[in-house]
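The values are calculated or read from the model by the stated rules, or taken from the named source; none is laboratory data. Everything numeric in this text was worked out from a predicted model, so none of it was measured. Note that each Cβ is placed from the backbone with ideal geometry, even for glycine, and that neighbours are counted across all protein chains shown. Heads up: the accessible areas ignore ligands, DNA and RNA and are worked out on the full protein's heavy atoms, side chains in. Shrake-Rupley method; radii C 1.70, N 1.55, O 1.52, S 1.80 Å.
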Amino acid sequence: MLSALISVARPNDPDAVDQLADTLGALVAGVAAGLVGDAVIIVPAPNPTIETVAEATGAKVVLRGRGASPWSAGARAARRDWVLCLEAGDVPAEGWIRLLDRFIGTARPEVSLARLRRPHTGLPARMAARGERVIGATAPRPGDLVRRERLLAGPKFSGRLKARPLAARLDRA
């Protein structure tokens, strides 16, 4: 099982609740399949609407500190060994449950990071991702499946981690 960490960067944005609802709705199939065990919503400041959505879905809301990594803050509240980092609006494409379940079940202990494809990212993010494939990743990003212990160690990885590319894809709602 995994914990889903959902970062809502701008909770006061009028589209934030709809994007969060789309992401949470997409995770329901993972809950039904026994893959997603819990969800943590990470926000920079308290927001009553986000808290209402979290309460209705059984998710937990976590406040991240100013300048802190949302993933480290969310990992402290996560209950599973693996966490899936998502932004509000990310929707896993068809087949993601089987692929992530297989990866988690077969990953060796030294494997700590896998990446889902995010075709909707901008050019700078795509160029950075290509560079990370060669030299390794220094920090988690949306679309990463990471061992919780790595996120608890701090906002950046100690050393560079080789990301295992996954065939699963994230779309935007």
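Kindly indicate the residue of the range 53-100 that is aliphatic (A, V, I, L, M) and assigned to a loop (DSSP other than H, G, I, E, B) and also farthest from Thr23 (Cα to Cα) among those meeting that condition. Full working, then the answer.
If we filter the range 53-100 for residues that are aliphatic (A, V, I, L, M), which is where we start, we get 53-54, 56, 59, 61-63, 68, 73, 75, 77-78, 83-84, 86, 88, 91, 93, 97, 99-100.
Retained after the next criterion (residues that are assigned to a loop (DSSP other than H, G, I, E, B)): 59, 68, 78, 88, 93.
Working: Ala59: 12, Ala68: 23, Ala78: 17, Ala88: 6, Ala93: 11 Å.
Filtering first and then ranking leaves Ala68.
Return the residue satisfying two criteria in turn: it lies in the range 151-173 and is of a type in the set (A, V, I, L, M, F, W, C) and loosely packed, with under 15 Cβ neighbours inside 10 Å, and of such residues it is farthest from Trp82 (Cα to Cα). Steps first, answer last, please.
Of the residues in the range 151-173, the ones of a type in the set (A, V, I, L, M, F, W, C) are 151-153, 157, 161, 163, 166-168, 170, 173.
With loosely packed, with under 15 Cβ neighbours inside 10 Å added as a condition, the list becomes 152-153, 167.
Values: Leu152: 12, Ala153: 14, Ala167: 18 Å.
Only one residue fits best here, namely Ala167.
Only residues that are part of a loop (DSSP other than H, G, I, E, B), on the phi < 0 side of the Ramachandran plot and not aliphatic (A, V, I, L, M) were counted across the range 143-173, and they come to 6.
When Ala88, Ala32, Ala75, Ala93 are checked against the criterion of being buried (at least 21 other Cβ atoms within 10 Å of the Cβ) and more than 12 Å from Ile6 (Cβ to Cβ), a single residue qualifies: Ala75.
Within the range 10-29, how many residues are open to solvent by 60 Å² or more (accessible area, probe 1.4 Å) and among the aliphatic types (A, V, I, L, M)? It would help to see each step written out before you state the result.
Keep residues of the range 10-29 that are open to solvent by 60 Å² or more (accessible area, probe 1.4 Å), which gives 10, 12, 14-15, 18, 22, 28.
From what is left, the residues that are among the aliphatic types (A, V, I, L, M) are 28.
Within the range 10-29, residues that are open to solvent by 60 Å² or more (accessible area, probe 1.4 Å) and among the aliphatic types (A, V, I, L, M) number 1.
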